[in-house]
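The structure under discussion appears below in the form of structure tokens.
The values are calculated or read from the model by the stated rules, or taken from the named source; none is laboratory data. In this text the structure is predicted, and so the values were computed from the model without any measurement. Here the Cβ positions follow ideal geometry from the backbone for every residue, glycine too, while neighbour counts run over all protein chains shown. Ligands, DNA and RNA are stripped out before the accessible areas are found, and what is left, the full protein with its side chains, is counted by its heavy atoms. Shrake-Rupley method; radii C 1.70, N 1.55, O 1.52, S 1.80 Å.
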Amino acid sequence: MFWWHEEVGQGVRVAFTHRGAGNLALHTGDDPAAVRARRAALEQAMGVPGGSLLFLDQVHGTDVVDADDPVRPATPRADAAVSVTGAPLAVMVADCVPVVLVGEGPVGPVTGVAHAGRRGLLDGVLERAVERLRHRGAQDVTAWIGPSICGACYEVPETMREESARRIPAVAATTSWGTPALDLRAGARERLGSLGVALADPDGSPGPACTHENERLSSHRRDPGSGRIVGLVWRAGGTEGDA
Ligand SMILES: [Zn+2]
């Protein structure tokens, strides 16, 4: 079920699923009952209460939702979320970059997820997410960058590469067959680094995996029917405290 799974300190767990967990998105035309059953199985594997895992209505924007807000929608329209209670958070991807953020807050960990596709990355979703974590008191923020399409696979028109690199030079790349491409992961690393966020040890993180090249991962480009894998962060013991 998990491509990578680790306790990263303060009782916080970070994980990324592979296709063994199945498609976890409700918006890709899959049978909703089957998706809900997979989400329930995932929650069980995480050891969190059924229905507690927050999924977002991701729109390639930069809005960040406060997962602890008691009056938020069940599925908020946002591309990032933060929590100071260790609430289970999910971010869905299939080539876009899933980013998990963890910082040390005044009364415990501050956690977050962000969906960084081309549009969101260029428009500042990572800046907005990190800003919100810090607003909630997070210090010493660390990021885990999950599996995404790599710069050698993500072919785009030359004009798109130029426009994108004008905002974040690090995204300019070339495919393995010599055509214009984008390296979203490099862009995410550059943005997070410039924000003073530590990047988790590449040996211990799942970063280098390319969704397009690895059939255990979902890639919209390789197979639009492969659904979505997810990045996850939660605190063991869940949202109800340590009881
Ligand atoms: Zn690749």
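Points worth noting:
- ³J(HN,Hα), Karplus 6.51/-1.76/1.60, whole Hz, each residue of the range 4-12, x for Gly, Pro: 7, 7, 7, 7, 10, x, 6, x, 8
- Under the simplified labelling scheme, the ASP69-GLU158 pair shows an inter-label distance of 4.4 nm, with each label point 7 Å from Cα along Cα→Cβ.
- Scaled against the 2.2 N^0.38 Å expected of a compact globular protein of N residues, the Cα radius of gyration of the chain reads 0.95.
- Relative contact order %, the chain, counting alpha carbon pairs below 8 Å whose residues are six or more apart: 25 percent
- Accessible area (Å², per residue) of the range 2-236, counting only protein heavy atoms and a probe of 1.4 Å: 41 Å²
- Counting only protein heavy atoms and a probe of 1.4 Å, the accessible surface of the range 131-174 is 46% carbon and sulfur.
- Karplus-derived HN-Hα couplings along the range 113-119 (A = 6.51, B = -1.76, C = 1.60, θ = phi - 60°), whole Hz, x at Gly and Pro: 9, 8, 9, 10, x, 4, 4
- Expected 222 nm ellipticity per residue - DSSP helices of 4 or more, -39500 (n - 2.57), all of the chain, to 500: -6500 deg cm²/dmol
- Global geometry of the range 53-113, whether rounded, prolate or oblate, following the gyration tensor of its Cα atoms and the 1.5 cut on a/c: oblate
- Interchain or long-range residues, amide H under 5 Å from ILE229's placed H: VAL93, SER218
- Segment ARG166..ALA33, full-extension length gain: 43.5 nm, with 0.36 nm per residue of separation and the alpha-carbon distance subtracted.
- For the chain, modelled as a GNM whose springs connect Cα atoms under 10 angstrom apart, the maximal fluctuation among GLY105, GLY22, GLY47 occurs at GLY47.
- Here the chain is assigned +1 on the Cβ of each Lys and Arg and -1 on the Cβ of each Asp and Glu. Its dipole about the Cα centre then comes out at about 260 debye.
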